[in-house]
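**Student:** Have a look at this one before I ask anything.
Read-outs: derived from the displayed coordinates by stated rules, not from any lab. Quick caveat, the model's predicted, so the values are computed rather than measured. No Cβ is skipped: glycine too gets one built from the backbone with ideal geometry, and neighbour counts run over all protein chains shown.
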Amino acid sequence: MIAQIKQTVENAHSTLLQDAIGAAALIVMLIAALYAPGFL
C-alpha cells in the first residue's frame, strides 16, 4: 500500500504544484465570497 502511494506521488509530481495552486485559489475565492456581503 505504501509503495502504491509513493508510486502515485512520483507519477503525479509534475501536476502536484498545479493542483496546490488551484486549491489555494479556491480557498481564496471562498473566503472572498464569505466576506463580500460585509463590504456591500
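**Student:** Residue check: is Leu34 under 17 Å from the mean Cα position of the chain (by Cα), without any contact (Cβ under 8 Å) to a residue 60 or more places away in the chain and surrounded by fewer than 10 Cβ atoms within 10 Å (Cβ to Cβ)? Step through it out loud before you land on a result.
**Tutor:** Numbers: under 17 Å from the mean Cα position of the chain (by Cα): no; without any contact (Cβ under 8 Å) to a residue 60 or more places away in the chain: yes; surrounded by fewer than 10 Cβ atoms within 10 Å (Cβ to Cβ): yes.
It is false that Leu34 is under 17 Å from the mean Cα position of the chain (by Cα), without any contact (Cβ under 8 Å) to a residue 60 or more places away in the chain and surrounded by fewer than 10 Cβ atoms within 10 Å (Cβ to Cβ).
**Student:** I would also like to ask the following. For the stretch 11-20, check the following and say yes or no: at least one residue is over 12 Å from the mean Cα position of the chain (by Cα), among the polar types (S, T, N, Q) and at negative phi.
**Tutor:** Within the stretch 11-20, the subset over 12 Å from the mean Cα position of the chain (by Cα) is 11-14.
Then keep just the ones that are among the polar types (S, T, N, Q); that gives 11, 14.
Next cut, at negative phi only: 11, 14.
Yes, because at least one residue in the stretch 11-20 is over 12 Å from the mean Cα position of the chain (by Cα), among the polar types (S, T, N, Q) and at negative phi.
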